[in-house]
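Okay, structure first, notes after.
The values are calculated or read from the model by the stated rules, or taken from the named source; none is laboratory data. All figures in this text were calculated on a predicted structure; none of them were measured in a lab. Please note: Cβ atoms are built from the backbone with ideal geometry, for glycine as well, and neighbour counts cover all protein chains shown. The area values use the complete protein model at the heavy-atom level, side chains included, leaving out ligands, DNA and RNA. Shrake-Rupley method; radii C 1.70, N 1.55, O 1.52, S 1.80 Å.
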Amino acid sequence: NMADAAPDANMADAAPHATLSVAGEQRRVPVTPGVTTAAALVEAVADRYDADSVKLLHRGKRLAPGDALLPGMKVLCLGTTRDDRAKVAAIKSDPTLRGFEAEAAREATRRGGAAPPGQHAEYKFCRIKAVERFDGRGGPHRYAAEALLRSLAKEVSPIMVSHEWTVGALIEMDPRDDRLLKKKEQDGGCLLGYNENAGARIYVRLRLDDASFRERDDLLKTLLHELCHNVVGPHNAAFFALYASLRTEHLGRRAPAPAPSSLADLSDPSRASARDVVVSELARESANGAISGGERMSAAVVAQALARAPE
């Protein structure tokens, strides 16, 4: 009867398990610490994916089949279904259809330039998606938004590689979607970006209220901020120290610029040293009234430590 079944259900909920996200569906996989490995997750999706196509992502890192599982882990599963493989094979066998690379090369030729190189084969954003409702009227077309996302992904690719991060998706945040704004209030996410489940998906708000694009450097700062959440959830000193490291690494890849000639230049990413830029950004964050006092203090501590560090 129902009364007898309830304790069993509660015991099942309390049993050690990992949560596997598969195409929007949440699956629980029992975990025995020290025994269960990621191979159990591959077996758990055998009904949907070919085993050799499965990718398991946890906190921005790819799990190998032999990696140990711990209770409470949240893992994103990506893969190719047998039906999808059959469709791709059918397309490839049709000589009248161009492949993605051929189409990209054709479009690049039409525009008079070479096709841009892609991301790293493993450490990358696995999927990129723009908001579909933008059709070019009243703001840049969704195709321009997708191209911008791909460009941002390309620019941070060296950082993704150096930290061995793989993120499930890079998605344009719809400025009219209040679902993520509510998430911000609940989980401490950033209004201009949101990292879902430590690297499962990263959302970035590309557009201003008038639907035009935000400044590129602001978008890059938001993206780096959200990448930090692959590793550190709260905005504490560890978070801001990681952001300072990523931002410094990113700025260090710029072409040499003229030396700063004014106080304003000390915070200009195109003129100042990477350290001066990051110190200035963290100092502004320490005065940001939209975050908590503890978060402001953490930003200030890291800014002061960075300012005292030798070049």
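Summary of values
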item: Whichever residue in the range 58-68 is at pLDDT below 90 and farther than 17 Å from Asn230 by Cβ and, among such residues, is most open to solvent (accessible area, probe 1.4 Å); result: Pro65
item: Matching residues, the range 50-68, being touching a His at 6+ places or on another chain (Cβ under 9 Å) and closer than 12 Å to Ala39 by Cα; result: Asp67
item: Filter pass, Leu242 being under 13 Å from the mean Cα position of the chain (by Cα) and either closer than 21 Å to Phe125 by Cβ or not in a loop (DSSP other than H, G, I, E, B) (or both); result: no
item: Residues of the range 14-42 satisfying the condition of being exposed (fewer than 13 other Cβ atoms within 10 Å of the Cβ) and more than 20 Å from Asn197 (Cα to Cα); result: Ala14, Ala15, Thr32, Pro33, Gly34, Val35
item: Residue match in the range 205-224 (condition: modelled with pLDDT of 90 or more, within 21 Å of Ser157 (Cβ to Cβ), part of a loop (DSSP other than H, G, I, E, B) and among the small types (Gly, Ala, Ser)); result: no
item: Search result, residues across the range 226-246 that are more than 15 Å from Ser286 (Cβ to Cβ) and of a type outside the set (S, T, N, Q); result: Glu226, Leu227, Cys228, His229, Val231, Val232, Gly233, Pro234, Ala238, Leu242, Leu246
item: Single residue of Thr36, Thr80 found to be within 24 Å of the chain's Cα centre (by Cα) and of a type in the set (S, T, N, Q); result: Thr80
item: Hits in the range 120-132 (condition: under 16 Å from Asn230 (Cβ atoms) and buried (at least 19 other Cβ atoms within 10 Å of the Cβ)); result: Tyr123, Lys124, Phe125
item: Residue check, Lys55 basic (Lys, Arg) and at pLDDT 80 or above; result: yes
item: The range 284-298, subset among the aliphatic types (A, V, I, L, M) and modelled with pLDDT under 95, residue nearest to Pro234 (Cα to Cα); result: Ile291
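Every residue, every condition in (1) open to solvent by 70 Å² or more (accessible area, probe 1.4 Å); (2) at pLDDT 70 or above; (3) part of a helix (DSSP H, G or I), yes or no:
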site	(1), (2), (3)
Ala86	no, no, yes
Leu97	yes, no, no
Pro116	yes, no, no
Leu149	no, yes, yes
Pro175	no, yes, no
Lys182	yes, no, yes
